[in-house]
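What follows is a short report on a single structure.
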Amino acid sequence: AAAGCCGCLTCCDLWTVRAEVMFLRRSDADQLELITHQETEETLVDVENLEFDHNAAVRYQLMREYCCCWGWDIGYFGIDSWTTSGNGGGDVSPVLQGPGIDFPSTAHGTIYRAEYGTDLHSAEFNVRRRFHECVTGVAGFRWIELQDELRTLAIAPQVNDFYSIDTNNQLYGF
């Protein structure tokens, strides 16, 4: 069989669709006390205690290769609402802490909740050039959006939001 234009044994237009499952795990955060015991100052909830479970993300990819050995592909993966939380208080008088601020409790029975959530989205567009059956060059553009939110609230004896720290990173690259 004669080799095609780019060293392939066959020379034909080709569509490829892929769906892959990726299992992701966040690394643990650095130590930051969020809820402490008012009298003993013992840590009840620390950011290190807010562990994310493994999460699955489906990655989709659509590729088109032309007989001239040039092609393109687009891809996407994302995770919405990857969350974890921790409660502290109840039978003690807790102090809710945040970066640079303290909210002391006035009564036993107060329960605070710290919630930490992440959304991650990634999309890409690439141009492909096949040089040989086993060698393909790829150049492209990628967009990644990472959103993190740390939220604290009282959940007993009444519900009351205290603060929310929100970051939104949009990253672009070639």
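The values are calculated or read from the model by the stated rules, or taken from the named source; none is laboratory data. These figures come from a predicted structure and were not determined experimentally. Cβ atoms come from the backbone with ideal geometry, glycine included; neighbour counts cover every protein chain shown. Note: accessible area is taken over every heavy atom of the protein model, side chains too, but ligands, DNA and RNA are not part of it. Shrake-Rupley method; radii C 1.70, N 1.55, O 1.52, S 1.80 Å.
Observations on the model:
- Spin-label pair Gln38-Ile155: with each label point 7 Å from Cα along the Cα-Cβ axis, the two points sit 2.0 nm from one another.
- Estimated at the nearest 10 Å², the accessible area of His121 is 30 Å² with a 1.4 Å probe.
- Full extension of the chain between Val58 and His121 gives 21.6 nm of extra length, using 0.36 nm per residue less the Cα-Cα distance.
- Percent of Cα-Cα distances greater than 27 Å, calculated over the chain: 49 percent
- Inter-probe distance in nm under a simple model that places probes 7 Å from Cα toward Cβ, at Cys68 and Glu20: 2.8 nm
- On the beta carbon distance between Ser85 and Asn168, with R0 = 22 Å, the FRET formula returns roughly 0.60.
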